[in-house]
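Encoded as structure tokens, the structure appears first; notes follow it.
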């Protein structure tokens with residue numbers, strides 16, 4: 001007769017999750033290990049797991065999904081419901097932002113490599129605050145965004161750095177209209193595309209400001225000088241602004257970027 005020595009009973013718990021978020025540094029793409037605050041509507045339960053993912057365990061409109069483990073119900077089409085979350089950094093290194101999660105996610109294992117799969121976490125870029133940490137060889141663009149005419153500082157503006165037709169960096173402005181847009185990967189020297197110099201130490205890029213009038217926060221200069229933050233801080237979904245960019249007010253300016261060199265730009269935007 002076989003005896004089991006030092007055996008212990010293991011309880012197995014199985015449940016269905018609705019999805020997960022992976023918060024990453026917008027400049028490097030590295031996952032953030034620090035604790036972030038997530039605010040969700042009533043009826044949603046989100047917890048951080050040991051891998052640092054923010055796991056969506058429950059949401060009231062999909063309560064019946066959590067109870068169906070073997071196969072997900074098919075009464076709600078994939079991605080037909082939008083769960084809006086607020087992610088913020090208690091330490092203030094990153095700006096708060098909105099995140100839209102389209103649910104339910106695709107639970108078909110055959111589609112596990114697709115962006116909308118429940119088996120793939122949704123990457124959420126977190127954008128640095130104006131006092132955020134930067135790398136030694138990054139080109140750091142500090143931007144002051146204001147409204148032409150009134151001079152009001154504009155918070156919640158999406159900043160884009162575009163070079164050679166590709167987006168090199170993104171950033172957001174805070175309530176003071178200040179933004180830090182670090183650009184990593186700028187070579188110390190590179191081949192020149194213009195006649196004359198063989199190599200150059202900087203590249204030309206276009207700095208773009210995109211404003212959603214429905215969500216932008218305007219702070220008059222008189223209030224700005226008092227240094228008191230407004231009750232409602234800017235809170236935008238950068239992905240939504242990017243998707244609607246073609247129809248939104250914009251302003252742009254050409255800049256020269258060099259590794260390890262800071263640059264400050266004031267950019268005015270004409271708003272309706």
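The values are calculated or read from the model by the stated rules, or taken from the named source; none is laboratory data. No experiment lies behind these values; they were computed from the predicted model shown. Cβ: placed from backbone, ideal geometry, glycine included. Neighbour counts: every protein chain shown.
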> Quick check: anything in region 184-198 part of a strand (DSSP E or B), modelled with pLDDT under 95 and assigned by TED's automatic domain parsing to the domain that holds residue 251?
Replying inline: yes
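Rundown of residues vs (1) modelled with pLDDT of 95 or more; (2) surrounded by fewer than 18 Cβ atoms within 10 Å (Cβ to Cβ); (3) touching a strand residue (DSSP E or B) at 6+ places or on another chain (Cβ under 6 Å); (4) not in a loop (DSSP other than H, G, I, E, B), yes/no style:
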| residue | (1), (2), (3), (4) |
| --- | --- |
| 113 | no, yes, no, no |
| 119 | no, yes, no, no |
| 124 | yes, no, yes, yes |
| 132 | no, no, yes, no |
| 141 | yes, no, yes, yes |
| 145 | yes, no, yes, yes |
| 150 | yes, yes, no, no |
| 154 | yes, no, yes, yes |
>> Just to check your reading of the model, which residue among 105, 160, 97 is touching a helix residue (DSSP H, G or I) at 6+ places or on another chain (Cβ under 7 Å), crowded, with 21+ Cβ neighbours inside 10 Å and either modelled with pLDDT of 90 or more or closer than 29 Å to residue 271 by Cα (or both)?
In response: 97
>> For a quick check of your reading of the model, give me the residue pairs whose first member lies in region 113-126 and is over 20 Å from residue 237 (Cβ atoms), whose second is part of a strand (DSSP E or B), with beta-carbon atoms closer than 8 Å and at least 6 apart or on different chains.
In response: 114/106; 117/106; 118/19; 118/106
> Is there a residue in region 60-80 that is under 30 Å from residue 34 (Cβ atoms) and touching a helix residue (DSSP H, G or I) at 6+ places or on another chain (Cβ under 9 Å)?
Replying inline: no
> Among the candidates 39, 33, which residue alone is within 30 Å of residue 139 (Cα to Cα) and exposed (fewer than 15 other Cβ atoms within 10 Å of the Cβ)?
Replying inline: 33
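Can you pull out every residue in region 156-166 that is under 30 Å from residue 104 (Cβ atoms) and not in a loop (DSSP other than H, G, I, E, B)?
Within region 156-166, just 158 meets the criteria.
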>> Please go through region 14-27 and give me each residue that is modelled with pLDDT of 95 or more, farther than 14 Å from residue 46 by Cβ and surrounded by fewer than 19 Cβ atoms within 10 Å (Cβ to Cβ), ordered by number.
In response: 24
> With respect to residue 167, is the statement that it is within 21 Å of residue 31 (Cα to Cα) and assigned by TED's automatic domain parsing to the domain that holds residue 220 true?
Replying inline: yes
> Which ones in region 48-67 are over 30 Å from residue 182 (Cα atoms) and exposed (fewer than 13 other Cβ atoms within 10 Å of the Cβ)?
Replying inline: 60, 63, 64, 67
> Looking only at region 29-52, which residues are closer than 16 Å to residue 99 by Cβ and in a loop (DSSP other than H, G, I, E, B)?
Replying inline: 32, 36, 40, 41, 52
> For region 242-272, which residues satisfy the criterion of being surrounded by 15 or more Cβ atoms within 10 Å (Cβ to Cβ) and free of Cβ contacts under 8 Å to residues at least 40 places away in the same chain?
Replying inline: 248, 249
